[in-house]
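Taking it in order: structure first as structure tokens, then the write-up.
Rule-based calculations on the coordinates, nothing more; no lab input. Keep in mind the model is a prediction, meaning the values are calculated, not measured. Cβ: placed from backbone, ideal geometry, glycine included. Neighbour counts: every protein chain shown.
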Amino acid sequence: MPNLKDLKNRIASVQSTRKITSAMKMVAASKLRRAQEQAEASGPYAERMGRMLSSLAANVQDSGNGPKLMTGTGADKVHLLVVISSDRGLCGAFNGSIVREAKRQITRLQGEGKTVKVLTVGRKGRDQLRREFASLIVESYEDVGRRRLGFSDADMVATKVLAMFDAGEFDVCSVIFNKFKSAISQIVTVQQLIPFAVPGEAAAATDEVKPLYEFEPDEEQILAELLPRNLSIQIYRALLESAASEQGARMTAMDNATRNAGDMINKLTITYNRTRQAYITKELIEIISGAEAL
Amino acid sequence: MADKVEFELVSPEKLLKSQPVDMVVVPGSEGDFGVLAGHSPMISTVRPGVIDVYEGDRIVDRVFVAGGFAEVTEARCTVLAEEAVALTDLDRAAVEKQIKDLSEDLDDSKSDAERAAAESKLAVARAKLDALTQTSAH
């Protein structure tokens, strides 16, 4: 017969676990809201930059010699993967799915005979990738946007990527991150950053009333400044999406954990009560049979 | 002057301003330019400096930007700024200290990349100081 005291301790410990998970869920929910607001706030800038880029690109492509960030180096040998994960765990499949996708991409690219380099953002992704592909990791960042994710965080990553690109260390760059769909669903997304595919190019071409811009200084110079900016923006967007996804994933995971703990408490309480009754019955039988023996 | 131009100031982190104004003066990299309604479409880079927002003949708002891009159409003027601070929020002492620190960084810098980074930051800080000096002279 199980010990009553053990059961009681067990219930108490599950109860305190439930308290922790439900508090974590609440924290994640409020952080999620903030992250979502931030992601929305960055929308206007990205949208306007996209608009400028497509009108610029339309002009430069006519002249046929765009900057390398847009046209690429002409080679397709070395790939750089920017893997964005989180610093902390307890967020469900969030990091697992990122790492799985990253591994898949690495294996695929290596299978095609290409060289792969990896840049990780976030501790979890680095730790998990290091087991198999330690030699591929060129740089890793931790504690990115721990307090509050700022544009400067994205800029730091972008500067590193650009420096590597200028040094000719890779030809193609993609970013792997969790795109936020809803609190319960995050989509692992692979987005190519370099060479940059200009958004809405086709739309711009069909747009009849597109105003003819003057450029000051000339198109190429503006584009040469705009493209690195754009890279930072794309990385910033990816970081924001990832941050929102992380909180969403954590919220869902903690919600499940809280519910599981509740179920467990119920089960344990039933066992506890049954055991207690069994003890009482046993003692009664002992007393009665003792009295009958007299 | 009934026509107004829709002025938007956007930083990567948020939309800072979106309002119809009479005129804005933007510090373009090839010289300041004023934008009134019906300006011909233009895209320009912006150097670190001050954007003046006019209502009538009065300056109602002065914002410091640390460089970026401006897109002008007939009805709209959009400035994509990397960093934007209202001029009144700038603190002279803090900026002077920043310039001093950055000058030291510049002297300490070892590689070309470090030097370039420090130089560009210093240029921004100097532009801030210039902007402050200008306002106090007014």
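A few comments on the model shown:
- Among the residues of A:215-228, the average count of other protein chain beta-carbon atoms within 10 Å of the residue beta-carbon is 3.
- Anchor residue A:117: lysines whose Cα lies under 21 Å away (excluding residues fewer than 8 positions away in-chain): A:68, A:77, A:103, A:160
- Length released on extending from residue A:269 to residue A:30, taking residue separation times 0.36 nm less the Cα-Cα span: 82.8 nm
- Binned Cα-Cα distance frequencies in segment B:90-137 - 10 Å width, integer %: 29, 47, 19, 5
- Whether segment A:3-98 is rounded, prolate or oblate, judged on the alpha carbon gyration tensor where a/c under 1.5 counts as rounded: oblate
- With the charge dipole of the protein assembly as shown set up from +1 on Lys and Arg Cβ and -1 on Asp and Glu Cβ about the Cα centre, the Cα lying farthest toward the positive end among the listed residues A:164, A:81, A:128 is that of A:128.
- Chain B: C-alpha gyration tensor shape, a/c 1.5 cut-off, then a/b vs b/c: prolate
- Computed from Cα atoms, the angle from the helix A:43-63 axis to the main principal axis of chain A rounds to 30 degrees.
- Ranked list, fewest to most other Cβ atoms within 10 Å of each Cβ, for A:156, A:26: A:26, A:156
- C-alpha long axis of helix A:151-166 to longest principal axis of chain A, angle in °: 50
- Across peptide A:45-53, the mean count of Cβ atoms from other chains lying within 10 Å of each residue's own Cβ comes to 4.
- Under 29 Å from the Cα of residue A:5 - lysines, other chains or at least 8 residues apart: A:19, A:267, A:282
- Here segment A:224-294 was treated as a single set of alpha-carbon atoms; its pair distances binned every 10 Å from 0 give 16, 17, 15, 13, 11, 9, 7, 6, 4, 2, 0 percent.
- Remark: mean inter-chain Cβ contacts per residue of B:22-35 equal 1, using a 10 Å Cβ-Cβ cutoff to other protein chain atoms.
- The C-alpha radius of gyration of segment A:25-253, expressed as a fraction of 2.2 N^0.38 Å, stands at 1.05.
- Two-site FRET efficiency, residue A:47 against residue A:260, from Cβ-Cβ distance with R₀ of 56 Å, rounded to 0.05: 0.85
- Rounded to the nearest 20, the Cβ-based charge dipole of the protein assembly as shown about its Cα centre (Lys and Arg +1, Asp and Glu -1) stands at 3420 debye.
- Theoretical FRET efficiency, 1/(1+(r/R0)^6), r = Cβ-Cβ of residue A:147 and residue B:110, R0 45 Å, to 0.05: 0.90
- Set of lysines near residue A:181 by C-alpha distance (under 19 Å), chain-local residues within fewer than 8 positions excluded: A:25, A:31
- Dipole magnitude (debye, nearest 20) for segment A:25-253, charges at Cβ of Lys, Arg, Asp, Glu: 1680
- Phi angles of segment B:114-129 translate, via the Karplus equation with coefficients 6.51, -1.76, 1.60 and θ = phi - 60°, into HN-Hα couplings of 4, 5, 4, 5, 5, 4, 5, 5, 5, 4, 5, 5, 4, 4, 4, 5 Hz per residue; Gly and Pro are given as x.
- Positive contributions from Lys and Arg (+1) and negative ones from Asp and Glu (-1), summed over other residues with Cβ under 14 Å from the Cβ of residue A:80, come out at -1.
- Each 20 Å bin from zero up to the one holding the largest Cα-Cα distance in the protein assembly as shown carries the following percent of pairs: 21, 44, 22, 8, 4, 1.
- Between 0 and 90 degrees, the angle of helix A:94-111 with respect to the longest Cα principal axis of chain A falls at about 50 degrees.
- With at most 10 other Cβ atoms within 10 Å, longest stretch of chain A clear of loop GluC sites (Glu not before Pro) (DSSP): A:1-111
- Two-site FRET efficiency, residue B:75 against residue B:15, from Cβ-Cβ distance with R₀ of 22 Å, rounded to 0.05: 0.80
- Cα-projected label distance for residue A:167 with residue B:86, points at 7 Å along beta-carbon direction, nm: 4.3
- Fewest-first sequence of A:13, B:11 by Cβ atoms within 10 Å of each Cβ: A:13, B:11
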